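Asker: My questions will all concern the structure given below.
The values are calculated or read from the model by the stated rules, or taken from the named source; none is laboratory data. Note that the coordinates shown come from a computational prediction; the quantities given were computed from them, not determined experimentally. When we count neighbours, we look across all protein chains shown, and the Cβ atoms used for this are built from the backbone with ideal geometry, even at glycine. Each accessible area value is taken on the protein alone, full model and side chains, heavy atoms only, with ligands, DNA and RNA left out. Shrake-Rupley method; radii C 1.70, N 1.55, O 1.52, S 1.80 Å.
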Amino acid sequence: MEVGKSFKRVDAFDKVTGRAKYADDLCPKNAYVSRILHSTIAHGRVIRIDTAEAAQIDGVVKVLTCFDVPDRPFPTAGHPWNTDPGHQDVADRKLLNEHVRYYGDDIAVVIAEDTVAADRAIRALTVEYEAYPFVLDPIESAKEGAPLIHGERQNNNILAHSSLRIGNYAEAIKEPGLIKVEGWYHTPTVQHSHIENHICFAYQEQGQRVTVCSSTQIPHIVRRVTAQALGWPWGKVRIIKPYIGGGFGNKQDALYEPLCAWLTTQVGGHPVKLDVSREETFVNNRVRHAMHAHITSWMRPDGTFAARKLEVWSDQGAYASHGHSVAAKGMGAFPQLYPCDNVETDAWTVYTNKPTGGAMRGYGIPQAMFQNESHIEDIVTALNLDPIAFRRKNSMPVGYFDSFSKNELYEDSFNQCLDKAIEKIDYDRKRARYRHQTGPVRRGIGAALFWYNTAVWPISIETSSCRMIMNQDGSIQLITGETEIGQGCDTVFAQMAADTIGLRLEDVHVFTMQDTDVTPYGSGAYASRQTYIGGFSIRQTGQLLKEKILKHAHTLTRMPADLLDIIDGTIVRKSDNRALMTVGELATRTLYDMERSEHLAAESTYAVKSNAYSFGVTIAEVEVDIPLCQAKVLNMVNVHDCGTLINPQLAEAQVHGGMSMALGFGLYEELLADPKTGRILNDNLLDYKLPTTMDHPDLLVDFVENAEPTSPFGTKALGEPPTCSPAPAIRNAILQATGVAINTLPLNPHRLFEEFTKAGIFRTEQEVISPPSPGRSAEISRVTINA
Amino acid sequence: MIEKQYKQITFTLNGKQVSTSVDVRESLADMLRREFGLTSVKKGCEVGECGACTVLINGDVFASCIFLAIWADGKDVMTVEGLVDTDGHIADIQQAFIDEAAVQCGFCTPGFIMSAERLLRTGKRYTRDELRKELSGNMCRCTGYHNIINAVEKAMNARLEAAGKQPV
Amino acid sequence: MYDINHIYEANSVEEAIQRRIEQPQALIISGGSDILIGIRAGKLAGCDLISLYMIDELRGVSLDEDGTIRIGSLTSFASVTKSPVIQKYVNVLGEAADKVGGPQIRNIGTIGGNTCNGVTSADTASTLMAYDAIIELTGAEGKRLVPIEKFYLGAKKTDIRADEIQTAVLIRPESYRGYHGYYYKYAMRSAMDIATSGCSVNVRLSEDKKRIEDARICYGVAGPIPLRTRSAEQAAYGQPVSRDTVEAFAAGALKDVNPRTSWRATKEFRIQIQGELARRCLTEAINRAGGIWA
Ligand SMILES: Cc1cc2nc3c(=O)[nH]c(=O)nc-3n(C[C@H](O)[C@H](O)[C@H](O)COP(=O)(O)OP(=O)(O)OC[C@H]3O[C@@H](n4cnc5c(N)ncnc54)[C@H](O)[C@@H]3O)c2cc1C
Ligand code: FES
Ligand code: FES
């Protein structure tokens, strides 16, 4: 069995030697370069762009503006296409936009022989605008009278609103003696900050077809979007996806592939490279939606819920991209993580004149978990309950079934994860020790749970295809449409394929590159779907191939096929375990057989009609230097129930990465827009504070392996879940340390200064503080008691 | 008209002396990629912030994106390609990155390996926090650094042991 | 590719000065970790450059006969930190240099660039000012020595004449002998960051280690250029080594600092931090000096 073992990554050698090819490494040397001119107003219309001077610059090949592009709005979200027009993504942007909707919108392009010429030409362009009022806050933007951002399509800025009603909230809150706990929770705009920026190059061949080689997570979807943007038949576009330097959801969007494809058509098919700068990655790609949530919980004095309400505003930015799906997923967690008989939820996704919100690792759940798990801590603080006991008692119970997704909580995952985490980080002892502290530097420890849903069924199709081609030596090429983006799927897919057929891992060669001309359809790397979804088609295709092999084995060995099996690349007679021949011998004889030559191969598609919960917990221990307004994570543990581990070492590595991203989300990162202009202020890695090596503690990870019954390999989500619960755990730890509940991320020194000032703790820092009491911070949940 | 200015430079690249005429406007990173096909030299920011383009110059770490190619004249430049011997054997630090699962997307990896190689060559013993400081000019968004520190620590201990010093 | 119109490479100080005279429009580039960033951002695109990078005579730290520490302008941050002279006599400067960016930046960035750049956040600047360093400029007429406080004329403005380059940073023995100090870089993360505020303090204690004889404090980002807060220094002169003195010192510092609100930080926040940094830096400096607390 290869599944369950910590094999080294199949791509590791190429990556440590610099041989792994990323998009830029494959770009033809003669490619032209291109640069984009971005708007310097947040909202308005381009009246005129003077290109005369730019076009004269030595080395400039062509200058193209928003007045030259096809008048064809297209959607960019990396969702599988939906043949029902009512469920298709919103098509609201053009290749270059005359109506500019954020500071930095794409309005013109220069194609040149080198970057110096291109940059000079960009600087030489002069633009005349008609400026409109702009709005940067989604709550303001949702109001009547806000400047219309997509007036062409809709007469307000609300991209979508959805709601959910369970029981009768209005009646339930009348129950006497209820304690009402309410609060606002804010999460900021952050950016994926993969180290390789998005880059693509395009050229034309075979007459009119266009090929785009791109750093994308979703080649098949990008092909469709590119064709739609150009108004071409889909088969005329070919997308090639080599290794990519991280994506985290940003590259789960058609970013600049459509524009790049169009550019090559404007220069006779000559290769054109579009290499996005770090600054553009921050401003002109996608970001995580900032959200503003208000939660009200009506509690009985015994610590049970009577009724709950959530209202959330999600900041879409200028263009729809993934749109409301993100806020909707976040909202969906609310009634499930802590079930309650009476629930009202509303979520609005609202356009603003800011960079576009897209998919980012966790897809609304990191925001939702900050809202939910901060609020739960505020409840236990208000009611003076034990935070762990409260969560054990009120979180989703074993046997919980969601009729929409058909997901079920089969095992006692939350308690099992909590038990492990508590032990691993020595929670009980530390929690008790940090109860009464004095002095300027204090410690605290806090927990948070997370809820996750592995894939996207039944909201979208979940389909995956796989092809296996056997070589004469009995090894195979494994080709799927699911993409390696660093998460290690090539390796676990190889393990799955090896197990299904009965080969050794070294017999499986993963064709890592996706080329839509060659690779069967797969939706690509998003949600936390690939290991779960890919597993179905790999299993199915492997079985098909195995059947074929055994059929030939029957011919060659005269033994009945059902007496035969394949173990470690050898055909074995099950009755006496005798090795009859190797798969290699079989493959060679089969291919070169004078009578019935056959090239052994199999291909299949599996339409998955299930989904799976994935749960876990974070406990964080922090140290807060109150006068210096600094919080530091000393220790942090994540425990996950992600089903059976296919490759334990890679699974752990995946968790590290997610925790790290959440450390940034919790303490450091925020993309700032200038309130006066809408310009992004910190569009570089010096001003946007990704935590560095020195800001990271050692990370503790553990697993509870409850095999997921719907998955052929017992697996479920692990890609995104690690990044969902650390931020609220850190926040709750700071609450224990200082008594200040801070409801706005990131918890950086600026925020701590503001909140400590409001709470008045600078002067009281020498005092003993007893268990954190609410009401110190202006923003903490207000607590009122029903008459 | 841009009047292009070139300079003939000679330097040691991965142990071999090379000579080339370089456009004075070019960064070392661009020259290594374009002229020498050294694809291990990655670019993630072009302003010295991410460390993906880290190479060794005279044994010290530099961000090759903000180092003018002409300044390489007379220097000894080393990239990850130079760690692999002619038989294809990779260095201990590369193997440690593989073994410790310190590689994910791989884009930061060559830069990290060069920073690690520099400090391994000092023959000093570093604590985990000291390793963090030595590697703080390299950013990684995939790994949370945990396994990277493990890999460097492991290679360090092995080298120290080989040199007769007690591992930590 | 950098949009450089023409680059003049100097191999000696004389050649550099000659180029300065011939090409008055050209900018000086040492390590380039400020200049190249500016070119890429477009602000300096199309410029001419005079490169000092190859002038090895400007690298290194030495001790003059009279005890003056001489740091060649092209000395990298890493070399400053590693220098035995620095470690022995002005280790705070080495520590400050070690807080810059990350290892790669510390190898390319120079102390000359850090001071000539004229920015208030420069990590070595506050410490140099707290040591009353002298800037040595060399021009057609020879050398000119300028106290560092006078060298800074305003934000991004320094006193370098058209024919000059900075050739060294000097620290006089009377500025460092008997002094112990501490530099705190306050930033949003532990590496790769520009100081939200920096604070460098050095003190000289009485023989019995119970009194402060002299104290100097200089901030980064408490004003447009590195700022000595004389009210703090006055509050410490001759005072006992005590908590009260530390408090008076911090109060004095806050009288003089004048940070501004920008998107990077509010004035109020900077003031909170600056007060606390004065306390911590003085405390640590006293401890390093072997102070005996009252
Ligand atoms: C990623 C990154 C991180 C950074 N982090 C920090 C940090 O933490 N702390 C910090 O203080 N700085 C930081 N910097 C800024 C920079 O590294 C320093 O200011 C460095 O000292 C500049 O030195 P240089 O030789 O590279 O300067 P250059 O760019 O070559 O020059 C800087 C300026 O000084 C002038 N100049 C240089 N040398 C001379 C001379 N000998 N005579 C006259 N004029 C001269 C130049 O004309 C230019 O105006 C960082 C920069 C980057 C890119
Ligand atoms: S590309 Fe050189 S440091 Fe980022
Ligand atoms: S492995 Fe992806 S950035 Fe480090």
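Asker: Give the residues of the stretch A:411-452 that are of a type in the set (A, V, I, L, M) and open to solvent by 10 Å² or more (accessible area, probe 1.4 Å), sorted by residue number. Even if it seems obvious, please write down each step before you answer.
Answerer: Let us first name the residues in the stretch A:411-452 that are of a type in the set (A, V, I, L, M), namely A:418, A:421-422, A:425, A:432, A:441, A:445, A:447-449.
The answer is A:422, A:432, A:441.
Asker: Would you tally the residues in the stretch B:120-168 being within 16 Å of ligand 3 (Cβ to nearest atom), of a type in the set (S, T, N, Q) and not in a loop (DSSP other than H, G, I, E, B)?
Answerer: So the count comes out to 2.
Asker: Determine whether the stretch A:85-97 contains at least one residue that is modelled with pLDDT of 95 or more, touching a strand residue (DSSP E or B) at 6+ places or on another chain (Cβ under 6 Å), over 26 Å from residue A:371 (Cβ atoms) and open to solvent by 30 Å² or more (accessible area, probe 1.4 Å).
Answerer: Yes: the stretch A:85-97 contains one or more residues that are modelled with pLDDT of 95 or more, touching a strand residue (DSSP E or B) at 6+ places or on another chain (Cβ under 6 Å), over 26 Å from residue A:371 (Cβ atoms) and open to solvent by 30 Å² or more (accessible area, probe 1.4 Å).
Asker: When you go through A:663, A:672, A:735, A:718 one by one, which is the residue that is more than 16 Å from the chain's Cα centre (by Cα) and either within 24 Å of residue A:357 (Cα to Cα) or within 14 Å of chain B (Cβ to nearest Cβ) (or both)? Walk me through how you get there before you give the answer.
Answerer: On the way: A:663 fails: more than 16 Å from the chain's Cα centre (by Cα); A:735 fails: either within 24 Å of residue A:357 (Cα to Cα) or within 14 Å of chain B (Cβ to nearest Cβ) (or both); A:718 fails: more than 16 Å from the chain's Cα centre (by Cα).
None of the other options fit; the residue is A:672.
Residue-wise test of (1) within 14 Å of chain A (Cβ to nearest Cβ); (2) open to solvent by less than 50 Å² (accessible area, probe 1.4 Å).
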| residue | (1), (2) |
| --- | --- |
| C:202 | no, yes |
| C:205 | no, yes |
| C:223 | no, yes |
| C:247 | yes, no |
| C:254 | yes, no |
| C:259 | yes, yes |
| C:270 | yes, yes |
| C:278 | yes, yes |
| C:291 | no, yes |
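Asker: Give the residues of the stretch B:100-119 that are more than 7 Å from chain A (Cβ to nearest Cβ), closer than 29 Å to residue A:198 by Cα and not in a loop (DSSP other than H, G, I, E, B), sorted by residue number. Break it down stepwise before answering.
Answerer: Quick first cut of the stretch B:100-119, residues more than 7 Å from chain A (Cβ to nearest Cβ) only: B:100, B:102, B:111-112, B:114-119.
Pick out the ones that are also closer than 29 Å to residue A:198 by Cα and you get B:100, B:102, B:111-112, B:114-117.
Matches in the stretch B:100-119: B:111, B:112, B:114, B:115, B:116, B:117.
Asker: Here is a further query. Mind listing just one residue for me: the one in the stretch A:458-482 that is in contact with a strand residue (DSSP E or B) (Cβ under 9 Å, 6 or more places away or on another chain) and within 22 Å of residue A:364 (Cα to Cα) and, of those, nearest to ligand 3 (Cβ to nearest atom)? Spell out the reasoning first.
Answerer: Just the residues of the stretch A:458-482 that are in contact with a strand residue (DSSP E or B) (Cβ under 9 Å, 6 or more places away or on another chain), to begin with: A:461-471, A:473-482.
Keeping just the survivors that are within 22 Å of residue A:364 (Cα to Cα) gives A:461-462.
Values: A:461: 30, A:462: 27 Å.
Looking at the filtered set, the residue picked out is A:462.
Asker: In addition: Would you point out the residue of the stretch C:9-33, among those that are at the interface with another protein chain (Cβ under 10 Å from one of its Cβ atoms) and not hydrophobic (A, V, I, L, M, F, W, C), that is nearest to residue B:43 (Cα to Cα)? Working first, answer last.
Answerer: Going through the stretch C:9-33, the residues at the interface with another protein chain (Cβ under 10 Å from one of its Cβ atoms) turn out to be C:9, C:29, C:31-33.
After this cut, where a residue has to be not hydrophobic (A, V, I, L, M, F, W, C) as well, the list is C:9, C:31-33.
Working: C:9: 26, C:31: 19, C:32: 18, C:33: 16 Å.
For the stretch C:9-33, the residue satisfying everything is C:33.
Asker: Continuing with the same structure: Consider residue A:708 carefully, then state whether it is at pLDDT 95 or above and either surrounded by 21 or more Cβ atoms within 10 Å (Cβ to Cβ) or away from every other protein chain (no Cβ under 11 Å) (or both). Step through it out loud before you land on a result.
Answerer: Numbers: at pLDDT 95 or above: yes; either surrounded by 21 or more Cβ atoms within 10 Å (Cβ to Cβ) or away from every other protein chain (no Cβ under 11 Å) (or both): yes.
The answer is yes for residue A:708.
Asker: To continue, here is another question. When you check residue A:407 against the structure, is it open to solvent by 10 Å² or more (accessible area, probe 1.4 Å) and over 25 Å from residue A:667 (Cα atoms), yes or no? Quick ask: steps written out before the conclusion?
Answerer: Values: open to solvent by 10 Å² or more (accessible area, probe 1.4 Å): no; over 25 Å from residue A:667 (Cα atoms): yes.
So residue A:407 fails the test.
Asker: Answer yes or no as to whether residue B:72 is of a type in the set (A, V, I, L, M, F, W, C), in the same structural domain as residue B:137 (by TED's automatic domain parsing) and away from ligand 1 (no atom under 16 Å from the Cβ). Give the steps one after another, and end with the answer.
Answerer: Values: of a type in the set (A, V, I, L, M, F, W, C): yes; in the same structural domain as residue B:137 (by TED's automatic domain parsing): no; away from ligand 1 (no atom under 16 Å from the Cβ): yes.
So residue B:72 fails the test.
Asker: Search the stretch A:745-756 for residues that are more than 9 Å from every other protein chain (Cβ to nearest Cβ) and closer than 18 Å to residue A:290 by Cβ and pair each with any residue that is charged (D, E, K, R) and open to solvent by 10 Å² or more (accessible area, probe 1.4 Å) when their beta-carbon atoms are under 6 Å apart and the residues are at least 6 apart or on different chains.
Answerer: A:746/A:670
Asker: Please list, ordered by first then second residue, the pairs with beta carbon atoms under 6 Å, 6 or more apart or interchain, first in the stretch C:167-183 and away from chain A (no Cβ under 14 Å) and more than 16 Å from ligand 3 (Cβ to nearest atom), second assigned to a strand (DSSP E or B) and among the polar types (S, T, N, Q).
Answerer: Pairs found: C:167/C:138; C:179/C:202; C:181/C:202; C:183/C:200.
Asker: If you don't mind, another one. So residue B:96 ticks every box in (1) open to solvent by less than 10 Å² (accessible area, probe 1.4 Å); (2) more than 8 Å from chain A (Cβ to nearest Cβ); (3) under 23 Å from residue C:34 (Cβ atoms) but one. Which box is left unticked?
Answerer: (3)
Condition check ((1) farther than 27 Å from residue B:67 by Cβ; (2) among the polar types (S, T, N, Q); (3) away from ligand 2 (no atom under 16 Å from the Cβ); (4) open to solvent by 30 Å² or more (accessible area, probe 1.4 Å)) across all residues:
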residue	(1), (2), (3), (4)
C:88	yes, no, yes, yes
C:103	no, no, no, no
C:132	yes, no, yes, yes
C:137	no, no, yes, no
C:144	yes, no, yes, yes
C:147	yes, no, yes, yes
C:150	yes, no, yes, yes
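Asker: Sticking with this one: Given the criteria open to solvent by 10 Å² or more (accessible area, probe 1.4 Å), near ligand 1 (Cβ under 10 Å from one of its atoms) and among the small types (Gly, Ala, Ser), does residue C:51 qualify? If you could, list the steps in order and put the result at the bottom.
Answerer: Numbers: open to solvent by 10 Å² or more (accessible area, probe 1.4 Å): no; near ligand 1 (Cβ under 10 Å from one of its atoms): yes; among the small types (Gly, Ala, Ser): yes.
For residue C:51, the condition - open to solvent by 10 Å² or more (accessible area, probe 1.4 Å), near ligand 1 (Cβ under 10 Å from one of its atoms) and among the small types (Gly, Ala, Ser) - is not met.
Asker: Hand me the list of strands (runs of 3 or more DSSP E) wholly inside the stretch A:227-329 holding 1 or more residues that are without any contact (Cβ under 8 Å) to a residue 40 or more places away in the chain, more than 28 Å from residue A:188 (Cβ to Cβ) and open to solvent by 10 Å² or more (accessible area, probe 1.4 Å).
Answerer: Numbers: elements: A:237-241, A:272-275, A:291-299, A:305-317.
Once the strands (runs of 3 or more DSSP E) in the stretch A:227-329 are filtered for at least 1 residues that are without any contact (Cβ under 8 Å) to a residue 40 or more places away in the chain, more than 28 Å from residue A:188 (Cβ to Cβ) and open to solvent by 10 Å² or more (accessible area, probe 1.4 Å), nothing remains.
Asker: Which one is most open to solvent (accessible area, probe 1.4 Å), of the residues in the stretch A:6-31 that are part of a loop (DSSP other than H, G, I, E, B) and among the hydroxyl-bearing types (Ser, Thr, Tyr)?
Answerer: Step one: filter the stretch A:6-31 for residues part of a loop (DSSP other than H, G, I, E, B), giving A:6-11, A:17-21, A:27-31.
Okay, now just the ones that are also among the hydroxyl-bearing types (Ser, Thr, Tyr), so A:6, A:17.
Working: A:6: 54, A:17: 3 Å².
Checked the stretch A:6-31; the qualifying residue most open to solvent (accessible area, probe 1.4 Å) is A:6.
Asker: Oh, and also: Determine which single condition residue C:11 fails, assuming it passes every other condition in (1) in a loop (DSSP other than H, G, I, E, B); (2) within 16 Å of ligand 2 (Cβ to nearest atom).
Answerer: Condition not satisfied by residue C:11: (2).
Asker: Then there's this: How about the stretch B:120-139: which of its residues are open to solvent by less than 10 Å² (accessible area, probe 1.4 Å) and within 7 Å of another protein chain (Cβ to nearest Cβ)? Walk me through it before giving the result.
Answerer: Our first condition is that a residue be open to solvent by less than 10 Å² (accessible area, probe 1.4 Å); within the stretch B:120-139, this holds for B:131, B:135-139.
If the condition is that a residue be open to solvent by less than 10 Å² (accessible area, probe 1.4 Å) and within 7 Å of another protein chain (Cβ to nearest Cβ), then B:135, B:136, B:137, B:139 are the ones that fit.
Asker: Next up: Name the one entry in A:534, A:584 that is of a type in the set (Gly, Ala, Ser) and crowded, with 20+ Cβ neighbours inside 10 Å. Talk me through it step by step, then tell me what you get.
Answerer: Details: A:584 fails: crowded, with 20+ Cβ neighbours inside 10 Å.
Testing whether each residue is of a type in the set (Gly, Ala, Ser) and crowded, with 20+ Cβ neighbours inside 10 Å leaves just A:534.
Asker: So which residues in the stretch C:16-31 are without any contact (Cβ under 8 Å) to a residue 40 or more places away in the chain and out of contact with any Leu (no Cβ under 8 Å at 6 or more places or on another chain)?
Answerer: C:18, C:19, C:22, C:23, C:25
Asker: In addition: Scanning the stretch B:101-115 for residues that are free of Cβ contacts under 8 Å to residues at least 40 places away in the same chain and not β-branched (Val, Ile, Thr), which turns out surrounded by the fewest Cβ atoms within 10 Å (Cβ to Cβ)?
Answerer: B:106
Asker: Turning to a different aspect of this structure: Could you check the stretch C:70-126 and list, in sequence order, the residues that are aromatic (Phe, Trp, Tyr) and out of contact with any Ser or Thr (no Cβ under 9 Å at 6 or more places or on another chain)? Quick ask: steps written out before the conclusion?
Answerer: Applying the first criterion (aromatic (Phe, Trp, Tyr)) to the stretch C:70-126 yields C:77, C:89.
Within the stretch C:70-126, C:89 is the sole residue that qualifies.
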